[in-house]
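Engineer: Sharing a structure below in structure tokens format, with a few things to ask.
The values are calculated or read from the model by the stated rules, or taken from the named source; none is laboratory data. Just so it is clear, the model here is predicted, and its values are computed rather than measured. Reconstructed Cβ throughout: ideal geometry from the backbone, glycine too, with neighbour counts over all protein chains shown. The accessibility values were calculated without ligands, DNA or RNA, using every heavy atom of the protein model including side chains. Shrake-Rupley method; radii C 1.70, N 1.55, O 1.52, S 1.80 Å.
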Amino acid sequence: MLRIAICEKDQKQRTELLDYISWDTDIEDDYVTECFDQVADVKKRMDENDFHFDILFLMLDSIGVDSLALIQYIRERKFDVDVFFIADTVDFVSEAFRCRAFAYLVKPFDMRKFQYEMKQYLKEKKDYQKEYLSVNVQGK
């Protein structure tokens, strides 16, 4: 199951992203999504050890401070989540690269661009899983 978190305060963008996810045939029907309005809500869930997602679509506002601080927090604490930045401009591409973001989507992006990035992600995830054995102990 693919677990997807979306942190985007723009309701229209969130709805569009949820539509893209539901229409993407590569994702299939085995996924779950949860939306967050604020970066602080995501960080709170992480602090509570209640953030178990494969992908985080993370908005970058014009300043980018909160989102970039969150990605640094994620990397410092070694959360196993791949980040797709959603931004209005390309101003933070170098920071996204430095933070090892999986993708950087500039608004407005279309279904074709979304599908391309998801196809790349799912292929890499599938190839990565071939090399390792995943073991769950008491649900973790």
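Engineer: Residue under question is MET46, and the condition is that it be without any contact (Cβ under 8 Å) to a residue 60 or more places away in the chain, open to solvent by less than 80 Å² (accessible area, probe 1.4 Å) and not in a helix (DSSP H, G or I); does it hold?
Structural biologist: Answer is no for this residue.
Engineer: Under the condition of being in a loop (DSSP other than H, G, I, E, B) and within 15 Å of the chain's Cα centre (by Cα), which residue from region 2-24 is farthest from LYS113 (Cα to Cα)?
Structural biologist: Looking at the filtered set, the residue picked out is LYS9.
Engineer: Under 8 Å between Cβ atoms, at least 6 apart or on separate chains: pull out the pairs that start in region 13-26 with a residue that is closer than 19 Å to GLN38 by Cβ and end on any residue that is assigned to a helix (DSSP H, G or I).
Structural biologist: LEU17/PHE114
Engineer: Going by the conditions given, is ASP41 free of Cβ contacts under 8 Å to residues at least 12 places away in the same chain and charged (D, E, K, R)?
Structural biologist: Taking the combined requirement at face value, the residue does not satisfy it.
Engineer: Restricting the search to region 4-19, which residues are among the aliphatic types (A, V, I, L, M) and surrounded by fewer than 18 Cβ atoms within 10 Å (Cβ to Cβ)?
Structural biologist: Answer for region 4-19, where residues must be among the aliphatic types (A, V, I, L, M) and surrounded by fewer than 18 Cβ atoms within 10 Å (Cβ to Cβ): just LEU18.
Engineer: Scan region 25-41 for residues that are out of contact with any Leu (no Cβ under 9 Å at 6 or more places or on another chain), surrounded by 12 or more Cβ atoms within 10 Å (Cβ to Cβ) and in a loop (DSSP other than H, G, I, E, B) and jot them down.
Structural biologist: ASP37, GLN38
Engineer: Taking region 97-112, which residues are surrounded by 13 or more Cβ atoms within 10 Å (Cβ to Cβ) and of a type in the set (D, E, K, R)?
Structural biologist: ARG98, LYS107 - these are the residues of region 97-112 that are surrounded by 13 or more Cβ atoms within 10 Å (Cβ to Cβ) and of a type in the set (D, E, K, R).
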